[in-house]
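Enquirer: Got a structure for you, questions after.
We did not get these values from a lab; they are worked out from the coordinates using the rules stated. Predicted model only: the values in this text are computed from it and were never measured. Positions of Cβ are backbone-derived with ideal geometry, glycine not excepted, and every protein chain shown enters the neighbour counts.
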Amino acid sequence: MILFDKSNCVDICLKNTNKYVALAVADMQRDFQRRSLSCLKPQIIKEESNCCIVIERNKTDCCDPIADEGFVIRSKGSKIVITADGYLGTMWGIYTFCEQYLGIDPCYLFNDFETEKVEALEVGEIYIKENPKSFQFRGIFINDEDLLTGWKNGGGIRYVDFPWYYLTVEENVMNMVVETVLRLKLNLVIPASLLDIDNPPERLLADCVAKRGIYLSQHHIEPLGLSSFTFANYCRKYNKTGEFSYIKNPEVIEKAWEFYAGKWAEYDNVVWQIGLRGNGDRPVWQEARPTEAELERYGSFISKAYAKQKEIVVKATGGKAKYFTSTLWMEGSELTEKGFLKFPENTIVVFADAGLNQMYGNEYYTVPRNKTGKYGIYYHLQFFTSGPHLAPQTGIDKLYYNMKLAYENGDNAYCILNSSNIREFVFELKAYSEMQWDINSFSKHSYLDAYCDRFGFFAEEIKMLITQYYNRLPWLDEKYLSEHCQNQLFNFYEGNDLKDAKNYILKEGDILEHGQKIINCFHKKLSWGICEKYYEVLKLTIPQYQDLCRNFEALAEKLPEPLKKNIQVKWLLFAKTLLYIYEWYVALFEAKKYCDLYQSEEMKKTLNNACESLEKYLNYRKCAEYGIFENWYRGDLKMNIKQILYDTRRLLGQTPNYD
């Protein structure tokens, strides 16, 4: 069957009247234009023609995860028919067709691959029958989204007394994110780090998700849509007073919960977050370390708050609310492990990895699972402050290890992936979506092969270099975590049976943070232990990444455009990002040593070396700010390389020249 040639294109017979399906069909029409050299697109017709794509009606308007997500695509004579029980299934059928037969990568908006146009496209017999088999709610969390916010002109103002969150992501940018989510056949989005949907520009982010028919949910610090920052806005706007403390101020807090639950109840598809945190992302208590008896009392108090929150949601939605989650982030893990925390019936209990090492904590292995309970996971593909943030450093091995473990433990009712600015993480994000859909059929090797196949003759070379990129990441054993990172909030896993998953990788954010400590103590006494350990590991790693960068550069020169551009703005940039940050840290460390020894000239030389490494990075990353990605790094507020360069140059009595 010919989909299109120089002058003709199939029609789409749209029998389905669902508004969300209509938007997916519009995406399909644009996909035809993207692939057609003549920019042809199908016309929408009401009755079947001799040669057309038929989008059948749904049997139900429901959108329950898994139950309503299956679909069938089959050829029937000179027609292609897409059928599904629910509208989610029809949407997934449409996007699967676009990927497999039109050749549109689900991440095409952010993956820096150019969609190749062809003169004609023909398909043979088709029969695909699919449904998600592994995870029910499959989502992403747009968290620490500084690059997305700064990329265009930003959306509306946010009234948040917190660094970085001055403006919302622009509506068109959010639409790009949601389209990518849909094409990956994910069904849930937490649309921002903090969200006050009583503020129209912030509500618009939620609208971008809701208008496409998938589920909305809330950050774990904003149960029922109320964070401490949102509460401050609520008090200012509606003349309320009182501290953000359910312990001290329960009546006002409950009124605020009721207010925001009413706002969120206006959306059809919400997975409600229940929880109780203190100001910001802190525990409800003020003690540095509560006693066992105090922890038990707090657990009982928080449990009662959970019950009250569910009661409020049920009332706000007229009993329609079906899905609830509660995330065991930080102290929630310990309270649950000790049996002090109780959850309302049918609440999905969500385990979280400790973002610093991206592994589940010890409590993941010790908290008993109720046979009738539902469980899920919150996983950090990116994590601020320690990273990854500017470059991917999780890898398919580690991601698969954690997803597979969750699935085998039955923690598959819900999964949310902290995905930040999307563009840096599409290689891992697409793998995540495939694992979520059917983890038993996912193959790490096949995934990498398929990714590299587009490089043709050079597929094996790029495969080898990507493998080296991840394998050469510097790492420390579990002793580092037990000696230096255990505290009352995190409970790190210290086992060594991790197979392909390295427990603690030195990521770019953590290196920058420790380097900043050296700067702050440059003329003071510094505790050398961990800083020196990082120095030793990074000094050994630098030659490996220098070699890797040379090999990526050599490969790029052998490739035709646009594949050359892709290597330069993805893998070579990622490798250079890490290399230059490693070099900066090593030189900075040595400069501090020279300073302590009163060796002025050596100190100045190594400080200049440190600055030059960051300047090289800032200069090279401009290659990624091309076309629609102009100003991509304008919003680099989280890692803030320019500020770190300024702080480093300041030690020489200078300010940097950013040009």
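Enquirer: Any chance you could run the full-extension gain for residue 438 through residue 241? It's 0.36 nm times the residue separation minus the Cα-Cα distance, nm to one decimal.
Expert: Details: separation 197, 0.36 × 197 = 70.92 nm, distance 4.97 nm.
Fully extending the segment from residue 438 to residue 241 adds 66.0 nm.
Enquirer: Also, I was wondering about something else. Which order results if 396, 274 are arranged by neighbouring Cβ count within 10 Å, fewest first?
Expert: So the residues, fewest neighbours to most, are 396, 274.
Enquirer: Once you sort the root eigenvalues of the Cα gyration tensor of the chain as a ≥ b ≥ c, which label holds: rounded (a/c under 1.5), prolate (a/b larger than b/c) or oblate (the other case)?
Expert: Oblate, since a/c reaches 1.5 and b/c is not below a/b.
Enquirer: List every residue whose amide H lies under 5 Å from the amide H of residue 167, counting only residues 5 or more places away in sequence or on a different chain, with H placed 1.01 Å from N in the peptide plane.
Expert: 158
Enquirer: Which cross-chain or sequence-distant (5 or more) residues have an amide H under 5 Å from the amide H of residue 418, H modelled 1.01 Å from N in plane?
Expert: 141, 379, 380, 381, 382
Enquirer: Rounded to whole Hz and in sequence order, give me ³J(HN,Hα) for region 469-485 from the Karplus expression 6.51 cos²θ - 1.76 cosθ + 1.60, θ = phi - 60°, writing x for Gly and Pro.
Expert: 3, 7, 5, 8, 4, x, 8, 10, 7, 5, 4, 4, 5, 5, 7, 10, 10
Enquirer: Now for a different question. List the relative contact order of region 137-442 as a percent without decimals, with contacts defined as Cα pairs under 8 Å and 6+ residues apart.
Expert: 18 percent
Enquirer: Right, here's the next one. Just grab the label-to-label distance for residue 609 and residue 162, each label 7 Å out from Cα along the Cβ direction, in nm (one decimal).
Expert: 4.0 nm
Enquirer: With an 8 Å Cα cut-off and a minimum separation of 6 or more residues, compute the relative contact order for region 2-130 in percent.
Expert: With pairs under 8 Å counted, the relative contact order is 30 percent.
Enquirer: Can I ask one more? May I ask you to derive the FRET efficiency for residue 457 and residue 127 from their Cβ-Cβ distance with R0 = 30 Å, giving the value to the nearest 0.05? Don't skip to the answer; put the middle values down first.
Expert: Numbers: r = 32 Å, r/R0 = 1.08.
Efficiency computed from Cβ-Cβ geometry: 0.40.
Enquirer: What ranking of 621, 550, 277 emerges when the number of other C-beta atoms within 10 Å of each C-beta is taken as an exposure proxy, fewest first?
Expert: 550, 621, 277
Enquirer: Which stretch or stretches of region 145-168 have amide N atoms under 16 Å from the point lying 7 Å from residue 631's Cα along the Cα→Cβ direction?
Expert: Taking a point 7 Å out along Cα→Cβ of residue 631, the residues of region 145-168 whose backbone N falls under 16 Å are 146-157, 166-168.
Enquirer: Go through region 251-264 residue by residue and turn each phi into a ³J(HN,Hα) via Karplus (6.51, -1.76, 1.60, θ = phi - 60°); whole Hz please, and just put x for glycine and proline.
Expert: So the Karplus estimates, Gly and Pro as x, are 5, 5, 4, 5, 5, 5, 4, 4, 4, 6, 4, x, 5, 5 Hz.
Enquirer: Based on the Cβ-Cβ distance from residue 404 to residue 646, what FRET efficiency comes out when R0 is 56 Å, to the nearest 0.05?
Expert: Values: r = 44 Å, r/R0 = 0.78.
The calculated FRET efficiency here is 0.80.
Enquirer: Rounded to whole Hz and in sequence order, give me ³J(HN,Hα) for region 552-569 from the Karplus expression 6.51 cos²θ - 1.76 cosθ + 1.60, θ = phi - 60°, writing x for Gly and Pro.
Expert: Per-residue couplings from phi come out as 5, 4, 5, 5, 4, 5, 7, 8, x, 5, x, 5, 4, 4, 4, 4, 5, 8 Hz.
Enquirer: If you don't mind, there's one more thing I want to ask. Quick check: Cα centre of region 138-172 to Cα centre of region 539-606, how many Å?
Expert: Comparing the Cα centres of region 138-172 and region 539-606, I get a distance of 30 Å.
Enquirer: Moving on. Computed over the Cα atoms of region 137-442, what is the convex hull's projected area averaged over all directions, in nm²?
Expert: Reported value for the Cα convex hull: 14.9 nm².
Enquirer: Can you give the calculated 222 nm mean residue ellipticity of the chain, where each DSSP H run of n ≥ 4 adds -39,500 (n - 2.57) and the sum is split over every residue, rounded to the nearest 500 deg cm²/dmol?
Expert: -13500 deg cm²/dmol
Enquirer: Right, here's the next one. Past 28 Å, Cα to Cα: identify those pairs from 502/604; 576/638; 398/638; 248/342, in the order given.
Expert: 502/604
Enquirer: Write out the GluC sites (Glu not before Pro) in region 93-163 meeting two conditions: DSSP loop, and at most 11 other Cβ atoms within 10 Å of their Cβ.
Expert: 116, 119, 125
Enquirer: Normalised by the number of residues in the chain, what is the relative contact order in percent for Cα pairs under 8 Å and 6+ residues apart?
Expert: The normalised contact order for the chain reaches 12 percent.
Enquirer: Quick check for you: which residues of region 123-148 have the amide N under 11 Å from the point 7 Å beyond the Cα of residue 369 toward its beta carbon?
Expert: Correct set: none at all.
Enquirer: Using a Förster radius of 30 Å, what is the FRET efficiency between residue 449 and residue 75 based on their Cβ-Cβ separation? Nearest 0.05, please.
Expert: 0.65
Enquirer: Now a separate question. Between residue 215 and residues 5 or more places away or on another chain, which pairs have amide H atoms under 5 Å apart, with H built 1.01 Å from N, and which residues are they?
Expert: Residues meeting the criterion, in which the H sits 1.01 Å from N, are 188, 189.
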